[in-house]
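Since the structure comes first, as structure tokens, the remarks are kept for the end.
The values are calculated or read from the model by the stated rules, or taken from the named source; none is laboratory data. For clarity, every value in this text was computed on a predicted model and none was experimentally measured. A quick note on method: Cβ atoms are made from the backbone with ideal geometry, for glycine too, and the neighbour counts reach across all protein chains shown. Accessible surface is based on the protein model in full, side chains and every heavy atom, while ligands, DNA and RNA are left aside. Shrake-Rupley method; radii C 1.70, N 1.55, O 1.52, S 1.80 Å.
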Amino acid sequence: MGLSAVPSTVNRPPTTGRRWVMLGLATVGFALNFWAWALLSPLGPRFKDDLGLTSFQQALLVAVPVVVGSVGRIPVGALTDRFGGRVMFPLVSAVTIVPVLFLGLVGHTSLAALLVGGFFLGVGGTSFAVGVPFVNLWFPPERRGLAIGIFGVGMGGTAISALTTVKLVERWGLATPFAVTAVALACYAVVAVLVLRDAPGRTVPAGSLSRRLAATARLPSTWQASALYAVAFGGFVAFSVYLPAYLGESYGLTQADAADRMAGFVLLAVVMRPVGGWLSDRLGPVRVLVACLAVVAAGAAVQAFTPELMPLGTVAFLAMAAALGAGSGAVFALVALLAPADKVGSVTGVVGAAGGLGGFVPPLVMGALYGALSSYALGLAALAVVALASLLFTATAVRRAVHAHRQ
């Protein structure tokens, strides 16, 4: 069969109220799955001490769920195009419960068990590739930047993990945050089955998964957005999983203090994501991305010199958080603009994978560099260079692609 799409339902415009209900449910599901996805990061320093891990092993521990959740977005995004968010959201949430309970009950006693549990915990990270195509179809083109940006607020699930995990462990034991998260995921899966619905007029693409992914890979917009998301969201993920270790090593902060500061970083990025989408609806995603990447390059260059945490270091990190959050929202405003409607899930899967992989590499590099040089300066300098190169790419090749699309 060909790659043409066929309508799955009669094309009736949804009511505004129903759109926002579906967006709200999708955002909650994204947040809960991201909460589960990020459970190991705040406990990284604890596992390092308890199990005698090296800096590289600690970085590997928190990076494994990131890479699995990232690569998994490619098939999950394509499956969402085929089966819809109504099926995929409760399915992903239910599957994620298994590694959460494993890690909380028996999988935290050795590095090998943690890596196995972390591998399957990555399923929670694939929820992003479910939500973007689901939300995209509920909203008209001129409002998709804002809508997808609001959905992106769900990445604040990592902040929930940062704010609660260590405190729950210290008060009630190591299993507690995992048990709480598992219950929340189970409740959401039930609600999603009962309430969540795909947008009227959703098209079901024909053809095999491999053929649809091959068609997606041939779209230039897929790789342009992937490169930019690897920097924007990848930078966010890298800081959200490695910032506690960085602040502890560079500034001598306690685990709880470092986790709270990481939560502040995440929350600002989360708030700025819908702002980036909203600005992209009005100014265009190219302008927003250029501005955001300039801020990231400047902030990383400043932090490479490890300034005093107050005020300069804090300002640099908060500026990068705001820019990375807004930039992530702008990338998916770009996807909503350029991707064909029946391939948004597949494109989202590839782009989301690039973003997650962009977050997988830096923690490993930072851990290795610190182990060899006892300094993070080189890694932060590399981030500044990458952000600057991405800015130039956006201002040239991506700008031309958007201009050609609008003609």
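For segment 76-128, the set of residues classified as under 18 Å from residue 32 (Cα atoms) and in contact with an Asp or Glu (Cβ under 9 Å, 6 or more places away or on another chain) consists of 85, 86, 87, listed by residue number.
Checked against the criteria, residue 398 counts as open to solvent by less than 10 Å² (accessible area, probe 1.4 Å), of a type in the set (A, V, I, L, M, F, W, C) and under 27 Å from residue 280 (Cα atoms). Within segment 353-366, the set of residues being at pLDDT 80 or above and farther than 17 Å from residue 398 by Cβ comprises 353 only. For residue 318, the conditions (1) open to solvent by 40 Å² or more (accessible area, probe 1.4 Å); (2) modelled with pLDDT under 90; (3) assigned to a helix (DSSP H, G or I) all hold with the exception of (2).
Which condition number in (1) assigned to a helix (DSSP H, G or I); (2) open to solvent by 50 Å² or more (accessible area, probe 1.4 Å); (3) β-branched (Val, Ile, Thr) is the one that residue 92 fails? For residue 92, the exception is condition (2). Within segment 184-200, residues that are over 24 Å from residue 140 (Cβ atoms) and among the β-branched types (Val, Ile, Thr) have Cβ atoms under 9 Å from residues that are open to solvent by 60 Å² or more (accessible area, probe 1.4 Å) and not in a loop (DSSP other than H, G, I, E, B) in these pairs: 191/28; 193/86, counting only partners at least 6 apart in sequence or on another chain. Answer yes or no as to whether residue 56 is modelled with pLDDT under 80, open to solvent by 20 Å² or more (accessible area, probe 1.4 Å), over 23 Å from residue 347 (Cα atoms) and assigned to a helix (DSSP H, G or I). Criteria met by residue 56. Only residues that are open to solvent by 40 Å² or more (accessible area, probe 1.4 Å), part of a helix (DSSP H, G or I) and farther than 18 Å from residue 278 by Cβ were counted across segment 295-315, and they come to 7. Scan segment 139-155 for residues that are assigned to a helix (DSSP H, G or I) and surrounded by fewer than 24 Cβ atoms within 10 Å (Cβ to Cβ) and report the count. Residues that pass the stated criteria total 7.
State whether the residues of segment 364-372 include one that is more than 22 Å from the chain's Cα centre (by Cα) and surrounded by 18 or more Cβ atoms within 10 Å (Cβ to Cβ).
Checked segment 364-372: at least one residue is more than 22 Å from the chain's Cα centre (by Cα) and surrounded by 18 or more Cβ atoms within 10 Å (Cβ to Cβ).
Comparison of 180, 123 shows that the only residue that is within 18 Å of residue 29 (Cα to Cα), modelled with pLDDT of 85 or more and crowded, with 24+ Cβ neighbours inside 10 Å is 123.
Okay, residues lined up against (1) open to solvent by 30 Å² or more (accessible area, probe 1.4 Å); (2) in a helix (DSSP H, G or I); (3) not small (Gly, Ala, Ser):
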{"residue": "333", "(1), (2), (3)": "no, yes, no"}
{"residue": "352", "(1), (2), (3)": "no, yes, no"}
{"residue": "381", "(1), (2), (3)": "yes, yes, no"}
{"residue": "386", "(1), (2), (3)": "yes, yes, yes"}
{"residue": "392", "(1), (2), (3)": "yes, yes, yes"}
{"residue": "402", "(1), (2), (3)": "no, yes, yes"}
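All of 87, 67 fail the test of being open to solvent by 50 Å² or more (accessible area, probe 1.4 Å), within 25 Å of residue 350 (Cβ to Cβ) and among the β-branched types (Val, Ile, Thr), apart from 87. From the list 126, 158, 164, the lone residue that is free of Cβ contacts under 8 Å to residues at least 24 places away in the same chain and among the polar types (S, T, N, Q) is 164.
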